[in-house]
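Below is one structure, written out as structure tokens; the observations come after it.
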Amino acid sequence: MNPKRLVKISKYLSYHLRHHPQAIGLELAPGGWVSVENLLNATHQHNFPLSRQELNEVVAKNDKQRFSFDETGTLIRANQGHSINIDLQLEPTNPPEVLYHGTGHRAVASILQKGLHKMSRHHVHLSADIETAKKVGARHGKPVVFAINTTEMQSNGYSFYRSDNGVWLVDEVPPEYLTQV
Ligand code: HQG
């Protein structure tokens with residue numbers, strides 16, 4: 001498949017599996033899953049016909065491994081990034097001692113004052129390394145990276161989750177746990 005088509009299908013899947021499943025008549029089951037058969041039928045009914053082969057290729061090759069099949073290959077979901085209220089059924093997991101969050105420089109003052117909030121997403125997204133955080137931040141302008149003291153957050157009762165594609169998730173990060181890198 002050519003790279004443009006791959007990106008186009010990824011965006012289409014992100015839109016429907018994270019934000020607007022009902023736009024093509026789908027409903028996400030607990031965990032964010034939809035039946036592959038229903039998804040493919042829906043794409044045909046809504047003018048964006050996808051084949052199972054194309055879907056397999058996008059799941060395998062997406063640059064950030066945004067999508068997964070279940071172990072039977074009959075269900076598919078977005079690994080993270082949802083704005084709709086679904087329970088991803090992730091187990092709390094011990095994170096590395098420090099995680100990172102990249103943002104745009106315009107948000108710094110507000111973050112230092114109020115902490116990190118999930119905004120339109122389901123969780124605050126954190127990265128295990130500074131380079132990834134920088135890239136995420138650059139989507140919002142000149143990137144600024146914060147380090148998060150996860151050990152202290154955990155001892156104060158915060159839970160961390162790791163999505164299937166390695167993104168760390170938490171409900172919020174109050175300002176006292178943040179240091180600008
Ligand atoms: C900022 C991409 C002001 C926050 C990436 C961020 C990631 C505040 C923005 C994933 C704030 C939300 C998520 C506060 C948070 N005041 N700004 N108190 N608290 N913010 O896109 O983390 O391509 O929803 O710093 O790789 O940038 O979608 O979150 O800048 O993993 O797969 O509010 O999206 O993955 O922006 O990115 P986003 P994000 P995908």
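What follows draws every value from the coordinates through simple rules; no lab data is involved. Everything numeric here is computed off the predicted structure, so don't read it as measured data. Cβ: placed from backbone, ideal geometry, glycine included. Neighbour counts: every protein chain shown.
Selection within segment 58-100: residues that are within 14 Å of the chain's Cα centre (by Cα) and among the β-branched types (Val, Ile, Thr). The member of this set that is surrounded by the fewest Cβ atoms within 10 Å (Cβ to Cβ) is ILE84.
Rundown of residues vs (1) in a loop (DSSP other than H, G, I, E, B); (2) more than 11 Å from ALA78 (Cβ to Cβ); (3) away from the ligand (no atom under 16 Å from the Cβ), yes/no style:
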site: VAL7; (1), (2), (3): no, yes, no
site: SER10; (1), (2), (3): no, no, no
site: SER14; (1), (2), (3): no, no, no
site: ALA23; (1), (2), (3): no, yes, yes
site: LEU26; (1), (2), (3): yes, yes, yes
site: VAL34; (1), (2), (3): no, no, yes
site: LEU39; (1), (2), (3): no, yes, yes
site: PRO49; (1), (2), (3): yes, yes, yes
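The single condition among (1) assigned to a loop (DSSP other than H, G, I, E, B); (2) more than 10 Å from the ligand (Cβ to nearest atom); (3) without any contact (Cβ under 8 Å) to a residue 12 or more places away in the chain that GLY73 does not satisfy is (3).
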